[in-house]
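Asker: Take a look at the following structure, please.
The values are calculated or read from the model by the stated rules, or taken from the named source; none is laboratory data. Quick caveat: nothing in here was measured; it's all calculated off a predicted structure. When we count neighbours, we look across all protein chains shown, and the Cβ atoms used for this are built from the backbone with ideal geometry, even at glycine.
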Amino acid sequence: MFRPGIRNLITDVPGLLVGHATDDRIISGVTVLTCGGDWPAAVDVRGGGPGTRETDVLAPENLIGRAHAVVLAGGSVFGLAAADGVTAALSVRGIGLNLSKGSPAIPIVPAAVLHDLGNGGDKSWGIDPPYRRLGIQAMQAAGQDFTLGSVGAGRGAMAGLTKGGIGSASIDLGLGVVVGALAAVNSIGSALMPDGATYWAWPFELDDEFGGAKPPAASLNTAHPGIGNPIPDDSRLLALGRMEPGANTTLGVVACSAALTTVECKRIAMMAQDGIARAVRPAHTPFDGDTVFALSGGAVALDENQRRAAHVGRIGSAAADCMARAIARAVYHAR
């Protein structure tokens, strides 16, 4: 039976480090994931109101298809500046592409942001938003162990009408293949079933990692529990200014230790979006900016034969499960 990795965090994938920077005054923050080099990477966007940077460079038809770090941030469009800070900090370390002799290293740092501007924090930053600074701080704090819940990019997040936050999970598939997920949950949909206690992701839970709650027997006896589940309490969401395009988002990163191409990472990112749909209802609405990045560490070679596609499918399925678990863990720890 498959078990979580040692930490049950995305950093169980060798080479990955994660750091947070949280500003309680503005009730927002930044989370940075750094790779152990330039890793094959891809992205899949399903939400109707995304806020992103450097996603086209990861498209399989384009030249690069690799990343040195991924940034998740609060602050809506202002939060994209966090990637500026991370880019500069990596370049100073000599990390990045070297296209001409004597020029600065050029890191590839894709980013995605969530909207937390209406959460009551002090947003009177004028022409100097704090996110570039927070990006640098988050990168400097990066390590194998990191906090879950209301921290970093998830500090000001909400999941429906419940606190959102940062979650992570991993699974060891054996033979050195480890898959992990990191999620910043600020969804318009809820991670909880109507009983307010059971997570939609409960079938995928391992070792009671988000409380072990099971749905009432009545729900289990329903063929399709929660079908047609409406957006929770529209009037309250309207009053909070959350019924606007891009005002709600689940951001995610999935990674594996297997050696994948950029095209295969794209398929993994697409499959991992199913984890959002399993853990949040509804998901991928016009109001959400749901975005998932996929990274390949390359430590474990896959068979170069007809079985390769089956291996990729297995990794993608595990990534979707990890994403669902990471979302539930985000809300569980934030609450």
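Asker: Which of the residues that make up segment 12-48 are in contact with a Pro (Cβ under 8 Å, 6 or more places away or on another chain), of a type outside the set (D, E, K, R), surrounded by fewer than 24 Cβ atoms within 10 Å (Cβ to Cβ) and under 22 Å from Ile268 (Cβ atoms)?
Answerer: Result: Gly36, single match.
Asker: If you check every pair at least six apart or on different chains, which have Cβ atoms under 6 Å apart with a residue in segment 249-274 that is of a type in the set (Asp, Glu) first and a residue that is part of a helix (DSSP H, G or I) and surrounded by fewer than 24 Cβ atoms within 10 Å (Cβ to Cβ) second?
Answerer: Glu264/Val312
Asker: Here's something else I'd like to know. How many residues are assigned to a loop (DSSP other than H, G, I, E, B) and within 14 Å of Arg132 (Cα to Cα) if we restrict to segment 73-109?
Answerer: The total comes to 3.
Asker: So, in segment 103-151, of the ones that are farther than 21 Å from Trp39 by Cβ and small (Gly, Ala, Ser), which residue ends up surrounded by the most Cβ atoms within 10 Å (Cβ to Cβ)?
Answerer: Looking at the filtered set, the residue picked out is Ser150.
Asker: Can you tell me which residue in segment 281-301 is nearest to the chain's Cα centre (by Cα), limited to those that are surrounded by fewer than 24 Cβ atoms within 10 Å (Cβ to Cβ) and under 15 Å from Val13 (Cβ atoms)?
Answerer: Checked segment 281-301; the qualifying residue nearest to the chain's Cα centre (by Cα) is Gly297.
Asker: Sticking with this one: In this structure, is Leu182 outside any loop (DSSP other than H, G, I, E, B) and surrounded by fewer than 24 Cβ atoms within 10 Å (Cβ to Cβ)?
Answerer: no
Asker: Is it the case, given these coordinates, that Asp233 is surrounded by fewer than 22 Cβ atoms within 10 Å (Cβ to Cβ), over 22 Å from Ser168 (Cβ atoms) and modelled with pLDDT under 90?
Answerer: In short, yes.
Asker: Out of the residues in segment 161-179 that are within 24 Å of Thr285 (Cβ to Cβ) and surrounded by fewer than 24 Cβ atoms within 10 Å (Cβ to Cβ), which is farthest from the chain's Cα centre (by Cα)?
Answerer: It comes out as Leu161.
Asker: Restricting to segment 278-311, name every residue that is in a helix (DSSP H, G or I) and at pLDDT 95 or above.
Answerer: Passing the criteria: Arg278, Ala279.
Asker: Whether any residue in segment 122-131 is part of a helix (DSSP H, G or I) and in contact (Cβ under 8 Å) with a residue 12 or more places away in the chain is what I want to check.
Answerer: Yes, segment 122-131 contains a residue that is part of a helix (DSSP H, G or I) and in contact (Cβ under 8 Å) with a residue 12 or more places away in the chain.
Asker: Restricting attention to segment 189-201, report how many residues are more than 21 Å from Met271 (Cα to Cα) and either assigned to a loop (DSSP other than H, G, I, E, B) or out of contact with any Phe, Trp or Tyr (no Cβ under 9 Å at 6 or more places or on another chain) (or both).
Answerer: The total comes to 6.
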